[in-house]
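Quick note: the coordinates plus some simple rules give every number you see, no bench work behind them. All values derive from a computational prediction rather than experimental measurement. Using ideal geometry, Cβ is built from the backbone for each residue, glycine included, and neighbour counts are taken over all protein chains shown.
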Amino acid sequence: MTSAGSRMVELDREESLELLAGVPMGRVGFTHQALPVIRPVNHLVSDGGDIVIRTHAGAALLASASASEVVVYEADEIDAATRTGWSVMVTGTANRVTEPQELSRFNAELSPWINTEMEHVVRIRAELVTGYRLLR
């Protein structure tokens, strides 16, 4: 007997960003030395819907962020047993946050999960937001 699969329902921007704001971790994808790279990071979603992460001085992402290159950020919650959940992807340009008040605020609100100095803050502008929910 074959069980019916889940159906995929597209989410609007607002619901997608709400789901993203409800989880602490995701993955940032960018280009490094002409190759795709994906790194797990913790994040927050700013009031304007942008993704904010912290990183260290030697991070490959800083080269992309300094050049305002397009990156992608993805997070999800999928239950393999029920085949339900959601996935959200944000595509946009990454830029270092340099304004002192914003830096102070984001440094206070976003604590790194790893034990290393994370002195840089990067904002990913949410230019394209796509989200899907898997339903039974």
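What dipole magnitude, in Debye to the nearest 20, does the chain give about its Cα centre under +1 on Lys/Arg Cβ and -1 on Asp/Glu Cβ? Don't jump to the answer; show the numbers that get you there.
Numbers: 12 positive and 18 negative charges, 80 e Å.
For this selection, approximately 380 debye.
So if the hydrodynamic radius of segment 46-123 is defined as the Kirkwood radius over C-alpha pairs, what does Stokes-Einstein give as its diffusion coefficient at 37 °C and 0.692 mPa s, in µm² per second? Before the final figure, lay out the partial values.
Details: Rh = 14.0 Å.
Value of D from the Cα-based Kirkwood radius: 235 µm²/s.
May I have the pair-distance distribution P(r) for the chain, computed from all Cα-Cα distances with 5 Å bins from 0 and rounded to whole percent?
Cα pair-distance distribution for the chain, in percent: 2, 10, 20, 21, 18, 12, 8, 5, 2, 1, 1, 0, 0.
Cα axis of helix 100-109 to longest principal axis of the chain: angle in degrees, 0 to 90, nearest 10?
Between the helix axis and the principal axis of the chain, the angle is about 50 degrees.
What fraction of the Cα pairs in segment 19-62, stated in percent, has a spacing above 17 angstrom? Numbers along the way, then the final one.
On the way: 347 of 946 pairs.
Above the 17 Å cut-off, segment 19-62 has 37 percent of its Cα pairs.
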